[in-house]
1. Could you grab me the full set of residues in the stretch 96-115 that are free of Cβ contacts under 8 Å to residues at least 40 places away in the same chain and under 19 Å from LEU29 (Cβ atoms)?
2. Tell me the residue from ALA38, ALA74, ALA83 that is touching a residue at least 24 places away in the same chain (Cβ under 8 Å), small (Gly, Ala, Ser), surrounded by 12 or more Cβ atoms within 10 Å (Cβ to Cβ) and on the phi > 0 side of the Ramachandran plot, please.
3. Out of the stretch 45-59, which residues are outside any strand (DSSP E or B) and at pLDDT below 95?
4. Taking ASP66, is it surrounded by 12 or more Cβ atoms within 10 Å (Cβ to Cβ), assigned to a strand (DSSP E or B), of a type outside the set (Val, Ile, Thr) and out of contact with any Cys (no Cβ under 8 Å at 6 or more places or on another chain)?
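The values are calculated or read from the model by the stated rules, or taken from the named source; none is laboratory data. Remember, it's a predicted structure, so these values are computed and weren't measured experimentally. Because the Cβ atoms are built from the backbone with ideal geometry, glycine has one as well, and the counts that use them run over all protein chains shown.
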Amino acid sequence: MNEEEILKLCDIVRQTAFELHTFLRHGHLEKVYENGLARRFRKKGLKVEQQRPLRVQDEDGEILGDYFADLFVADALIVELKACKTLADEHIAQVLGYIRASGQRHALLINFGASKIQFKKLIL
């Protein structure tokens, strides 16, 4: 997927997340928002995987562990969800780890836990 397509996909994800947050508001568990977004993405015809495993390997290829990305959209965008008061540096570090482990370049970090939804676009 080229840069323009990724940006359009990010716009769709942000708009869909905003609509879900407008409907549900804050106060639910991450899983509720994950399921809601996945359902809405599928209704829009987007391919989405929930809890996609991302393998972390050492330089010699030995598997060190797995991450699980909340959502992986259109085989191109990692979407990590939070339901906390505000995004923190450790959330950004977590998503950067996901990007490195997956070999992808783009991710969106979304926090549904605040009264105003928070977005952070990350590119490796």
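1. LEU109, ASN111
2. Answer to the selection: ALA74.
3. Here is the first cut: in the stretch 45-59, the residues outside any strand (DSSP E or B) are 45-47, 58-59.
Correct list: ASP58, GLU59.
4. On the way: surrounded by 12 or more Cβ atoms within 10 Å (Cβ to Cβ): no; assigned to a strand (DSSP E or B): yes; of a type outside the set (Val, Ile, Thr): yes; out of contact with any Cys (no Cβ under 8 Å at 6 or more places or on another chain): yes.
For ASP66, the condition - surrounded by 12 or more Cβ atoms within 10 Å (Cβ to Cβ), assigned to a strand (DSSP E or B), of a type outside the set (Val, Ile, Thr) and out of contact with any Cys (no Cβ under 8 Å at 6 or more places or on another chain) - is not met.
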